[in-house]
Amino acid sequence: MEAERLEQLRAQFSAEAAGIDSESAASALRDRWTGRKSGLLTAEMKTLGKLSPDVRREFGLQLNALKDEVDGRIAELLSGFGARREAEQLVRERIDVTLPGRRQSSGRLHPITLMRERIEEIFVSMGYTIEDGPEIETDFYNFDALNIPPSHPARSSQDTLYLENGLALRSQTSTVQIHAMQRRRPPLRVIAPGRVYRRDTPDATHNPMFFQVEGLLVDRRVTLGDLKGTLGEFVRRMFGPGTRTRFRPSYFPFTEPSAEVDYSCFKCGGAGCRICKGSGWIELGGSGLVHPNVLRAVAIDPEEFSGFAFGLGIDRMCGLMYDLDDIRLLYENDARFLEQFR
Ligand code: FA5
């Protein structure tokens, strides 16, 4: 009777185990057969107490053997499905370590910064130091000390951006000439790159805020020849050894004599092209010998000392060098534009 019951249970378990097709079904099978509370074999064990001692021992041994078979089979099923799940997961989450990594984008120096650094390198190698000055100035630095008379149009609010209390944004780096001569006594050679502000209407060659670099050298017996030699050397190092300069008479209140400086086009060498608009020459900036009144404003004796000064526009240099159609691009902060410069 008990032997029959055992065979029946074994056959039933085999049939159920054969139909198991998932890990969760295998877990459910385990609960159904060996679960502590309501497992079929657990219930069968509980009936042992009602049997006679001889039958109980025999049936008990066989029931335990069946339980071992059931446990073994269920463990086999579970580990089979577990292994399959792991294998599937490995395939699903496979990482192709041979794929190239994601490119990290790093910042670049702004074209104005690149140009300023090239200019600084050239002048520093010629013994110049780099000077700095405020962007907000009083009338003394903006005009008086630079020999700009009270009636001069540059003082008008149409040209200069005034702030409160008579202060104004500097419209040229020439203001740093005054600071430099107040800070140090001659002989001195400085360059001063920096931002300047003008009430200019923006267009392809004008920004209301742009960069200039000022140069100033004060010593004994400085001549126009020194100025020409210095700017000539600068353009040769900047634009190539064959670059020539030309000086055209001009007027600035703070220099006498004054000159506009041009250099031969770096693209066509002077033959005439799109960059130089067919003239063969490109404007570099203003220059001249420091006016005696400017030296007097900072208590330097013009009988003993003389000097030269120049002021160059960095934005336009940048525009020409990088062949930009419009220098306003420099301040639009479009990453696609800025990424191109090194
Ligand atoms: C001056 O600013 C004088 N301070 C230069 C100078 C210094 C003369 C020392 C003598 C001695 P100017 O206004 O020409 O000069 O300007 C110089 C350069 O600034 C120009 O050649 C041009 O390259 C640049 N520039 C002028 N206005 C603008 C603007 N709105 N946008 C971009 N660049 C400009």
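The values are calculated or read from the model by the stated rules, or taken from the named source; none is laboratory data. Please read these numbers as outputs of a predicted model, since none were measured by experiment. Ideal geometry is used to build each Cβ from the backbone, glycine not excepted, and the neighbour counts take in all protein chains shown. Note: areas computed on protein heavy atoms with side chains; ligands, DNA, RNA excluded. Shrake-Rupley method; radii C 1.70, N 1.55, O 1.52, S 1.80 Å.
Can you find, among S22, G82, G39, the residue sitting farthest towards the positive end of the charge dipole of the range 2-92, where Lys and Arg contribute +1 and Asp and Glu -1 at Cβ? Of the listed residues, the answer is G39. Pairs of alpha carbons in the range 211-253 separated by more than 15 Å make up 57% of all such pairs.
Starting from the Kirkwood Rh over alpha-carbon pairs, what translational D in µm² s⁻¹ does the range 214-290 have by Stokes-Einstein at 25 °C and 0.890 mPa s? For these conditions, the coefficient is 188 µm²/s.
Amide H to amide H distances under 5 Å link R244 with S264, where only residues 5 or more positions off or on other chains count and H is placed in the peptide plane. Surface analysis of the range 1-112 yields an accessible area of 74 Å² per residue, using protein heavy atoms and a 1.4 Å probe. If you plug the beta carbon distance of D203 and Y162 into 1/(1 + (r/R0)^6) with R0 = 30 Å, you get a FRET efficiency near 0.85.
Shape verdict for the range 249-342, please, from the Cα gyration tensor: rounded (a/c under 1.5), prolate (a/b greater than b/c) or oblate. Oblate, since a/c reaches 1.5 and b/c is not below a/b.
How much area per residue is accessible in the range 286-342 when the probe is 1.4 Å and only protein heavy atoms are counted (Å²)? Heavy-atom accessible area per residue stands at 48 Å². Against the chain, whose longest principal axis is taken from its Cα atoms, helix 53-92 shows a tilt of about 20°. Projected over every direction and averaged, the convex hull enclosing the alpha-carbon atoms of the range 295-342 yields 5.7 nm². Against the empirical curve 2.2 N^0.38 Å, the C-alpha radius of gyration of the range 2-92 lands at a ratio of 1.28. Computed from Cα positions, the angle between helix 224-239 and the longest principal axis of the chain comes to roughly 30 degrees.
For V298, what is the net charge nearby, where nearby means another residue's Cβ is under 11 Å from its Cβ and Lys, Arg count +1, Asp, Glu -1?
+3
When the solvent-accessible area of the chain is split by element, carbon and sulfur atoms take up 51 percent of it, the probe being 1.4 Å. Sorting the segments 58-64, 131-137, 90-96 by their residues' average number of neighbouring beta-carbon atoms within 10 angstrom, most packed first, yields 131-137, 58-64, 90-96. The gain in end-to-end length when the R195 to F140 segment is fully stretched comes to 17.9 nm, 0.36 nm per residue minus the alpha carbon separation. For the range 74-144, the fraction of C-alpha pairs farther apart than 14 angstrom is 81 percent. Full extension of the chain between S279 and A28 gives 81.1 nm of extra length, using 0.36 nm per residue less the Cα-Cα distance. In straight-distance terms, cross-link reach from K67 covers every one of the lysines whose alpha-carbon lies under 17 Å from its own, apart from those fewer than eight places away in the same chain; here that gives K37, K46. Above 17 Å, the calculated P(r) of the range 153-218 contains 50 percent of its Cα-Cα pairs.
Using a cutoff of 8 angstrom between alpha carbon atoms and counting only pairs six or more residues apart, the relative contact order for the range 2-92 works out to 33 percent.
Karplus-based coupling profile of the range 152-168, in residue order and whole Hz: 5, x, 4, 6, 6, 6, 7, 9, 9, 8, 8, 10, 7, 6, x, 7, 8, with θ = phi - 60° in 6.51 cos²θ - 1.76 cosθ + 1.60 and x standing for Gly or Pro. Secondary structure note: in the chain, about 95% of the DSSP beta bridges are antiparallel. Legend note: in the chain, cysteines whose Cβ sits 4.7 Å or more from every other cysteine Cβ are C318. For the chain, the Kirkwood hydrodynamic radius from C-alpha pairs, put into Stokes-Einstein at 25 °C and a viscosity of 0.890 mPa s, yields a diffusion coefficient of 90 µm² per second. The alpha-carbon atoms of the range 34-171, seen along their principal axes, cover 131, 40, 27 angstrom, with the largest extent given first.
These residues, H179, H206, go from largest to smallest accessible area, 1.4 Å probe, as H206, H179. When only alpha carbons are used to place a centre, the range 69-132 and the range 266-331 end up 46 Å from one another.
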